[in-house]
1. Out of the residues in the range 189-230 meeting the condition of being assigned to a loop (DSSP other than H, G, I, E, B) and over 32 Å from the mean Cα position of the chain (by Cα), tell me which one is surrounded by the fewest Cβ atoms within 10 Å (Cβ to Cβ).
2. Would you confirm whether or not the range 597-614 contains a residue that is within 30 Å of N378 (Cα to Cα), touching a residue at least 60 places away in the same chain (Cβ under 8 Å), of a type outside the set (K, R) and surrounded by fewer than 21 Cβ atoms within 10 Å (Cβ to Cβ)?
3. Inspect the range 533-552 for any residue being under 27 Å from H444 (Cβ atoms), out of contact with any Pro (no Cβ under 8 Å at 6 or more places or on another chain) and open to solvent by 40 Å² or more (accessible area, probe 1.4 Å) and give the result as yes or no.
4. I'd like to check something: does the range 418-433 contain any residue that is under 20 Å from L336 (Cβ atoms) and touching a Gly at 6+ places or on another chain (Cβ under 6 Å)?
5. Checking H452 against (1) more than 28 Å from D373 (Cα to Cα); (2) outside any loop (DSSP other than H, G, I, E, B); (3) open to solvent by 10 Å² or more (accessible area, probe 1.4 Å), which test does it fail?
6. Just need a number here: residues in the range 274-297 that are surrounded by 21 or more Cβ atoms within 10 Å (Cβ to Cβ) and either in contact with a Leu (Cβ under 6 Å, 6 or more places away or on another chain) or part of a helix (DSSP H, G or I) (or both).
7. Among the residues of the range 394-417, write down those that are among the charged types (D, E, K, R) and open to solvent by 10 Å² or more (accessible area, probe 1.4 Å).
Amino acid sequence: MRRTTILSALISLFASVIVINNAVAQMVIPTPVEMSCKSNKKVSLTHIDERIDASSNLPDEGYTIEIKGSTAHLCSKTAQGMVWAKATLAQLKDANGEVPVVKIKDYPAFPIRGYMYDCGRNFRSVENLKKDLDLLSAYKLNVFHWHLTDNPAWRIECRAYPVLNAARYQQQTRTPGKFYTYKEIHEVIAYAKERGILVIPEIDIPSHSEYFWTIFGFQMEDPCGMKILDVLFEEFLTEISPEECPYIHLGSDEVRRKIDDAEGFVRHYEEILAKHNRKTVIWDPGITPSSKDAILQSVRAMEGRRANIMETVKYGKDDLSLLQKHPLIDASMGYLNHGSPINNVSRYFLRQLCGAERYDGHALGGILCLWNDVRLENEEQLFPINAVPISLLPYTERAWVGGKGSGVDFEALLPSPETEAHKALVAFEQKMIYHRDNLLRDWHVRWVANAHIPWLVTIPQPQGTPKEQMKWVPAYGGSLHLHALALANGVEPSEKMVAHLKTEIYSEEECEVRAFVSFETPSRSTRRSAGIGKQGEWETGGTILLNGEKVLPPVAWNHPGEYAYHFSAYRYRDIQDIPWTNEQLFWMREPAVLKLKKGWNTIEMEAPLHYKTPFWYVSFSPVEVGTDGRWSEVEGLKYRLPKIDN
């Protein structure tokens, strides 16, 4: 199989089942560029032959695998390519440790395929960072953007100014006194390198630095502040070599105070980085860098209406010139802590990074960001509440495979079933099921395949609009972004709106199943939310009917009516310091109970919106919940679009 487009790659792979006829070989994520099976047999390996050949005509991260007899022959141009060969070989092994007799040639479309985490806001232990790096490496993500400083704390050991590490000057609700020693930083960088991952540290200047003002009494851009910063950068860049970290991120975003010469401030630190043989990475929007070689990491139009950043910026009549002048890392697909995790899967899959098919000297790839602005009660909450493992799969597929794009206008809206894009998504969901149930089993992933669920939805209108006057349109998936649906149909979302939804489910027998149900998805960044529903009611006052009977929340709420913030609480520390509870997030709480009758069943939902938010999602999908709490698909159900009288 050869890579062609973002769509036909997966379709070709799954169409080749007749030829390959090997389920494990078909399930590799990300999809290899070329793969063939010599036979339908599987073999047990007794030997792995590894060969790194710098003279190979493979790309730097490329590799080949050929199974001959009981030997796996792995070849690459670089040590990093060998890491990816081993990652693919690990995925090829079935439950018995056997592998298919395959021949693979593979390499990535983009050189940067990354993940970012902000340890400044919520510290993460070295032990957990290593687990995270293992996961990234298993799926060929090759950059860890390590956001080391933010308002709560400077998390880097500081020998020149140890007061920066003093707990009393750090935000007391955010693990005060926790920081990484240089020994630990070296350890994480080395651990990442062994797994094919480059670490890009971020020292965020001049904003996101409340700790600095608290300690020194002046801002970073003050002449006295710059003298201190100069020492901090010299210390860090002397301790951490260019070989360990050739890129340093300077932040520069969200500067909400007047700085007389902001560009001169950033230029000064670009020059310090250059003196230490480092390349500069900087946020966009942010302070404009002076060097044309500075890399922009863009989050522009993050709640994007289009499936690539260039089209979104043009749609919003924004200026494209800056993005075109600098090497570009695309981070505009939205944060992991935004939106519905169910919808994020399809969004990441349908996206085109940097508006390009592959690296072209300008389009470097992307970094998927996890800020987690809200305080964590414990580190173990991080991945579940942000659905990290399952979201990485479509993202790494897109970053590795590249392609011409899905052709969809709104990435948050699934294309119709007859399109190649939808067929490719459904095929990819089958791969995700395999990974959820096997390679990601220990991560307790709470996701089920849902792209096949059809709906009729009324285009959102002001509350009070008679239903018979509303227009019904088809939509698909287990988490519908009603904000995007309104925009796609020429309606500007506002507060006090409503939408109605219908689907039909067929069951061969009377049975009881579970289903996740939700009428909004709170942002895990801004906390914007209608809060938990009143006792016995769903959030926002939404309703769901099964065959005309109300479906109620399955358990009593612990905090009915609480956690309602009809505004961005991003800068409200007291609100941001309240940890998430499971009942606020539909994928974390107990699923609802549905008592299906034999034959066709009708699901009807009414979804009111009481405040303006880009995170207006309605979510529904049956799930099988195992005795161990793991989710899987409910077998035997069928779906169809209902008929509407008007």
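The values are calculated or read from the model by the stated rules, or taken from the named source; none is laboratory data. Values in this document were obtained by computation on a predicted structure and should not be read as measured data. Positions of Cβ are backbone-derived with ideal geometry, glycine not excepted, and every protein chain shown enters the neighbour counts. SASA here: full protein model, heavy atoms, side chains in, ligands and nucleic acids out. Shrake-Rupley method; radii C 1.70, N 1.55, O 1.52, S 1.80 Å.
1. Step one: of the range 189-230, the residues assigned to a loop (DSSP other than H, G, I, E, B) are 195-197, 206-209, 217-222.
With over 32 Å from the mean Cα position of the chain (by Cα) added as a condition, the list becomes 217-219, 221-222.
Working: G217: 10, F218: 14, Q219: 16, E221: 23, D222: 17.
Going through the qualifying residues, I end up with G217.
2. There is at least one residue in the range 597-614 that is within 30 Å of N378 (Cα to Cα), touching a residue at least 60 places away in the same chain (Cβ under 8 Å), of a type outside the set (K, R) and surrounded by fewer than 21 Cβ atoms within 10 Å (Cβ to Cβ).
3. Yes; the residues of the range 533-552 include at least one that is under 27 Å from H444 (Cβ atoms), out of contact with any Pro (no Cβ under 8 Å at 6 or more places or on another chain) and open to solvent by 40 Å² or more (accessible area, probe 1.4 Å).
4. Among the residues of the range 418-433, not one is under 20 Å from L336 (Cβ atoms) and touching a Gly at 6+ places or on another chain (Cβ under 6 Å), which makes the answer no.
5. The number of the failed condition is (2).
6. 4
7. Applying the first criterion (among the charged types (D, E, K, R)) to the range 394-417 yields 397-398, 404, 409, 411.
Answer for the range 394-417, where residues must be among the charged types (D, E, K, R) and open to solvent by 10 Å² or more (accessible area, probe 1.4 Å): K404, D409.
Per-residue answers, yes or no, for (1) of a type outside the set (F, W, Y); (2) modelled with pLDDT under 95; (3) assigned to a loop (DSSP other than H, G, I, E, B):
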position	(1), (2), (3)
P394	yes, no, no
W400	no, no, no
G403	yes, yes, yes
D409	yes, yes, yes
A412	yes, yes, yes
A421	yes, yes, no
L425	yes, no, no
K431	yes, no, no
